[in-house]
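Report on the following structure.
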Amino acid sequence: MLPFVTSQGAKANIILGLKAALEHGQLKLLADEIQTRELLNFEERVSPNGAFSYSAPVGQHDDCVMALAMAWDMCNKMGVSEDVVIEVGDPLEDIGRFSRRGI
């Protein structure tokens, strides 16, 4: 497994890669309400000095967007970039589901 170091530059790269994949139809999204909401609310901001930043608006979450961006980035690094479907759901729901199974 390759580590992902979260920095503004690394975050920008994977978000821009995800944006390009979505714009070019390289990635098929499942109809997940949380993921869709996060993608629609995700923001690109430009600071007064011209630096770009990417995140959810204050008080909202972007965990699904970041997980999707990291997964897409890893697919590209592994050479898998056609007809990809990545399912990213609610992390809290997933934790509950795993704990109910005893994992």
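Cβ-Cβ under 8 Å, sequence separation 6+ or interchain: first residue in the stretch 1-23 and free of Cβ contacts under 8 Å to residues at least 40 places away in the same chain and within 20 Å of GLU38 (Cα to Cα), partner among the polar types (S, T, N, Q) and part of a loop (DSSP other than H, G, I, E, B). Which pairs?
Every condition considered, the pairs that remain are ALA20/GLN26.
I want to confirm something. Restricting to the stretch 5-27 and keeping residues that are over 13 Å from the mean Cα position of the chain (by Cα) and loosely packed, with under 15 Cβ neighbours inside 10 Å, which single residue is modelled with the highest pLDDT?
Result: GLU23.
Taking the stretch 56-85 on its own, how many of its residues are more than 16 Å from ALA20 (Cβ to Cβ) and either part of a helix (DSSP H, G or I) or at pLDDT 90 or above (or both)?
Result for the stretch 56-85: 11.
Please enumerate the residues belonging to the stretch 70-79 that are touching a Gly at 6+ places or on another chain (Cβ under 8 Å) and closer than 15 Å to PRO3 by Cβ.
If the condition is that a residue be touching a Gly at 6+ places or on another chain (Cβ under 8 Å) and closer than 15 Å to PRO3 by Cβ, then ASP73 is the only one that fits.
Please specify each residue of the stretch 19-55 satisfying the condition of being of a type in the set (Asp, Glu), over 16 Å from GLN8 (Cα atoms) and not in a loop (DSSP other than H, G, I, E, B).
Across the stretch 19-55, the qualifying residues are GLU23, GLU33, GLU38.
The values are calculated or read from the model by the stated rules, or taken from the named source; none is laboratory data. What you see is a predicted model; the values in this text were computed from it and never measured. Ideal geometry is used to build each Cβ from the backbone, glycine not excepted, and the neighbour counts take in all protein chains shown.
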